[in-house]
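**Q** Can you read through this structure? Questions will come right after.
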Amino acid sequence: MSGTILVTGGAGYIGSHVNLMLAERGESTVVLDNLVYGHREFVQAGHFVHADLADIDRLREVFRQHDITGVMHFAAYAYVGESVTDPEKYYANNVGATLNLLRAMREHGVRDIIFSSTCATYGNPVALPIAENHPQLPINPYGRSKLTVEHILEDYGRAYGLRHVSLRYFNAAGADPQGRVGEWHEPETHLIPLVLQAVLDPSKPLRIFGDDYDTPDGSCIRDYIHVTDLAQAHLLALDHLRAGGSATVFNLGNGTGYSVKEVVAAAREVTGRDVPFLLGARRPGDPARLVGSAERIRVELGWAPRHGDLHDILATAWRWTQVLEERRAAARS
């Protein structure tokens, strides 16, 4: 291993797990984050730079000061609803700031980038499980912003020799098994932390949107992937590029879906507590099932989830939820 990996958005949920895993195998890292949604205490390895990708001069300075040989790009806004009401914010940050990053990479001769993409680029599924060749018809500006970056990376590869891997995540979940970092969004919109918050505070029950879908129990089915499995895939993608591998795209998911009600039932078993919830109407645009195929990355890179069981995912998330609650209580006292 030589040089340094720049981890943009490395103070966030997924980026912080990847940064820790890079450090554990001896990689040198620089974490760049504007801390709008990230947490400084999540950067537990490498050199931290508090900066925004919109600041091209600061970005160039980072490349000048460090021997950066590859980039892991996580920095993005990711609230689907907000992207609908404020698309300019999402295109300026997710696309415009990425162009700054790519410009700085070109100026400093850095060719390798792993891009944090999303299954939201597919839109409503026309076939299940969703494979990488599924039509990409995103239904919101967030998904379109990520798809735009995928197209930019392809164009830069042809024109400038950029080498890239785009990783399309399904539902990242769980936390570092050692409890060092985990999921911490403000506001929180992901199902598993919302379930566990309802466990801790029964006065704020979980809202289940619809129980009349064409699924075995009537609630939506989603594909959950443990965040450490997801992080491991990023390292394999980096190794793929370092070995001269071609630009490509991979789905990251378990290939197994769990319904909202199955997540609630598993949370009861893991925590030993009740999960209060309220049934509500369907949300517009919620497909009944979203399950991905990760067969390509299994075959080509030898990746396989180690924490595919829903109870394992929930157990690490529950430990982290308790750690986070203790931190919040200490901050309030």
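**Q** Please compute the per residue accessible area over the chain with all protein chains in place, 1.4 Å probe, rounded to a whole number of Å².
**A** Heavy-atom accessible area per residue stands at 42 Å².
**Q** Multiply the residue gap between Arg180 and Val36 by 0.36 nm, knock off their C-alpha separation, and tell me the result in nm, one decimal place.
**A** Fully extending the segment from Arg180 to Val36 adds 49.8 nm.
**Q** While we're on this one: Place a point 7 Å from Cα of Ser246 in the direction of its Cβ. Which residues in the range 275-306 have their backbone N less than 19 Å from it?
**A** 295-302
**Q** Right, next: Using a Förster radius of 35 Å, what is the FRET efficiency between Leu200 and Ala159 based on their Cβ-Cβ separation? Nearest 0.05, please.
**A** Using R0 = 35 Å, I get an efficiency of 0.10.
**Q** Can you give the helix-only mean residue ellipticity at 222 nm for the chain, where every DSSP H stretch with n ≥ 4 adds -39500 (n - 2.57) and the sum goes over all residues, rounded to the nearest 500 deg cm²/dmol?
**A** -12000 deg cm²/dmol
**Q** In terms of solvent-accessible area of protein heavy atoms at a 1.4 angstrom probe, what is the ranking of Asp212, Asp286, highest value first?
**A** Sorted descending by solvent-accessible area, the residues read Asp212, Asp286.
**Q** Mean separation of Cα pairs under 8 Å and 6+ residues apart, divided by the residue count of the chain: what relative contact order is that in percent?
**A** Once normalised by length, the contact order is 18 percent.
**Q** Any idea what log10 I(q)/I(0) is at q = 0.09, 0.10 Å⁻¹ for the chain, Debye with uniform C-alpha scatterers and no solvent?
**A** -0.46, -0.57
**Q** Taking R0 as 41 Å, what FRET efficiency do you get between Ala329 and Ala92 from their Cβ-Cβ distance, rounded to the nearest 0.05?
**A** The value I calculate is 0.65.
**Q** Among Pro216, Pro284, Pro276, whose mean-square fluctuation peaks in a Gaussian network model of the chain (Cα, cutoff 10 Å)?
**A** In the Gaussian network model the winner is Pro284.
**Q** Additional query: Pairing the Cα long axis of helix 141-160 with the longest principal axis of the chain, what angle in degrees results, from 0 to 90 and rounded to the nearest 10?
**A** With both axes taken from Cα atoms, the answer is about 30 degrees.
**Q** To continue, here is another question. Once the whole set of protein chains is in place, how much accessible area is left on Trp318, using a 1.4 Å probe, in Å² to the nearest 10?
**A** For Trp318, the solvent-accessible surface is approximately 20 Å².
**Q** Oh, and also: Pairs of alpha-carbon atoms within less than 8 angstrom and 6+ residues apart define the contacts here; what relative contact order does the range 87-153 have, in percent?
**A** 41 percent
**Q** Pick from Gln65, Gln136, Gln322: which residue has the top mean-square fluctuation in a GNM of the chain where Cα pairs under 10 Å get a spring?
**A** Highest fluctuation among the options: Gln65.
**Q** Sticking with this structure for a sec: Amide H neighbours of Val31 under 5 Å, counting only residues 5+ apart in sequence or on other chains, H built in-plane at 1.01 Å?
**A** It is Val7, His47, Phe48, Val49, by chain and number.
**Q** In nm, to one decimal, how far is the Arg106 label point from the Thr189 one, both placed 7 Å along Cα→Cβ?
**A** Roughly 3.1 nm, to one decimal.
**Q** Here is a further query. On a full-extension model of 0.36 nm per residue, what is the gain between Glu269 and His311, subtracting their alpha-carbon distance, rounded to one decimal in nm?
**A** Computed gain between Glu269 and His311 is 14.3 nm.
**Q** What's the local net charge at Gly12, with K and R +1, D and E -1, over the other residues with C-beta under 13 Å away?
**A** Charge balance in the 13 Å sphere: -3.
**Q** Would you mind listing how long the range 1-133 runs along its three principal axes, going by Cα atoms, in whole Å with the largest first?
**A** The Cα atoms of the range 1-133 stretch 45, 31, 31 Å along the principal axes, largest first.
**Q** Could you tell me the center-to-center distance, by alpha carbons, between the range 236-313 and the range 139-193 in angstrom?
**A** First find each Cα centre; the distance between them is then 13 Å.
**Q** In degrees from 0 to 90, rounded to the nearest 10, what is the angle of the helix 56-65 Cα long axis to the longest principal axis of the chain?
**A** 70 degrees
**Q** Now a separate question. Of all accessible surface on the chain at a 1.4 Å probe, what whole percent is carbon and sulfur?
**A** 50 percent
**Q** Any idea how far apart Thr85 and Ala281 come out in nm if each label point goes 7 Å out from Cα toward Cβ?
**A** So the label points at Thr85 and Ala281 sit 1.8 nm apart.
**Q** Collect residues whose amide H, placed 1.01 Å from N in the peptide plane, falls under 5 Å from the amide H of Gln44; neighbours closer than 5 in sequence don't count.
**A** The list, which skips near neighbours in sequence, is empty: none.
**Q** Of Ala120, Ala78, Ala237, which has the largest mean-square fluctuation in a 10 Å C-alpha GNM of the chain?
**A** Highest fluctuation of the listed residues: Ala78.
The values are calculated or read from the model by the stated rules, or taken from the named source; none is laboratory data. Since this is a predicted model, take the numbers as computed values, not measurements. When we count neighbours, we look across all protein chains shown, and the Cβ atoms used for this are built from the backbone with ideal geometry, even at glycine. SASA here: full protein model, heavy atoms, side chains in, ligands and nucleic acids out. Shrake-Rupley method; radii C 1.70, N 1.55, O 1.52, S 1.80 Å.
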